[in-house]
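Heads up: the structure comes next, in structure tokens.
What follows draws every value from the coordinates through simple rules; no lab data is involved. It should be emphasised that the depicted structure is a prediction, and the values quoted were computed from it without experimental measurement. FYI the Cβ positions are ideal-geometry reconstructions off the backbone, even for glycines, and counts take in every protein chain you see.
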Amino acid sequence: MIFVTVGGQLPFDRLVHTVDQWAMNEGREDVFAQIGDSQRPPGHIQWERFLSPTEFQAKASESDIMIAHAGMGSILTALELRKPIVVMPRRAHLREHRNDHQWATVNRLGGNVGIAMASDEEELVALLERLPELPSPTEKRSHECAQLIDFLRHAMSDPE
């Protein structure tokens, strides 16, 4: 199952629409999305606007891969569960966020330990077409993954 999440703060129609269209074109019926306040609900994939923390954890655990905005909570969840994650950052100039901190996040983390980055819809579709090839954080890399998780948790809790 593919689990798509956009977080709970802002809509991310560009991500939801791209995955929905890809799923339709590919005949995929194994996609579930948490879409938040999306203005364009999907027509081809299963979805809910919001999930409780327990429901979110269950969907993430059940999934084979996660697709998300570049929120740290989603990235940490994927790393902890050893799920590959494809992230597409929200962009401030498209009015998807107040600033481009998600762009900075993926520039720092993209390509590491099972994190693939799509900068736009075209790159997202290209990654979706290669899902089986995407590496996941594995047992072999568990020490590296644990270090990254610890670093990110510390950075997120640091008040500066």
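Taking H placed 1.01 Å from N in the peptide plane, check which residues at least 5 places from residue 31 or on another chain put their amide H under 5 Å from its amide H.
Residues meeting the criterion, in which the H sits 1.01 Å from N, are 2, 46.
Segment 31-76 to segment 1-26: how many Å between their Cα centroids?
8
Sort 31-41, 61-71, 123-133 for me by packing, meaning the mean count of neighbouring Cβ atoms within 10 Å per residue, highest on top.
Details: 31-41: 18.3, 61-71: 20.9, 123-133: 14.9.
Going by the mean number of other Cβ atoms within 10 Å, highest first, we get 61-71, 31-41, 123-133.
If you rank 74, 119, 52 by fewest surrounding Cβ atoms within 10 Å, what's the result? Don't skip to the end; give the middle numbers.
Details: 74 23, 119 14, 52 9.
Ranking 74, 119, 52 by Cβ neighbours within 10 Å, fewest first, gives 52, 119, 74.
Once you have the Cα-Cα distance between residue 120 and residue 49, take 0.36 nm times their residue separation minus that, and quote the gain in nm to one decimal. Intermediate values should be presented prior to the final figure.
On the way: separation 71, 0.36 × 71 = 25.56 nm, distance 2.26 nm.
Roughly 23.3 nm would be gained on extension.
Under the Karplus relation 6.51 cos²θ - 1.76 cosθ + 1.60, θ = phi - 60°, what is the ordered set of whole-Hz ³J(HN,Hα) values for segment 60-65, x standing for Gly and Pro?
Values per residue, Gly and Pro as x: 4, 5, 6, 6, 8, 8 Hz.
In terms of the ratio Rg/(2.2 N^0.38 Å) built on C-alpha atoms, what value belongs to segment 9-53? If you can, show how the numbers build up before the last one.
Values: Rg = 10.2 Å, N = 45, 2.2 N^0.38 = 9.3 Å.
Rg over 2.2 N^0.38 Å, computed on Cα atoms: 1.09.
Give me the one-decimal nm value for the distance between modelled label points at residue 131 and residue 72, 7 Å along each residue's Cα-to-Cβ direction.
Output for this residue pair reads 2.9 nm.
Taking amide H atoms as placed 1.01 Å from N in the peptide plane, list the residues 5 or more away in sequence, or in a different chain, whose amide H sits under 5 Å from that of residue 68.
HN-HN under 5 Å from residue 68: 5, 86, 87, 88.
Amide H to amide H, which residues 5 or more places from residue 38 or on other chains are under 5 Å from it, using H placed in the peptide plane?
12
Just to check I understand the Karplus step: with θ = phi - 60° and J = 6.51 cos²θ - 1.76 cosθ + 1.60, what whole-Hz values come out for segment 31-39, glycine and proline as x?
Rounded to whole hertz, the list is 10, 10, 10, 9, 9, x, 8, 3, 8.
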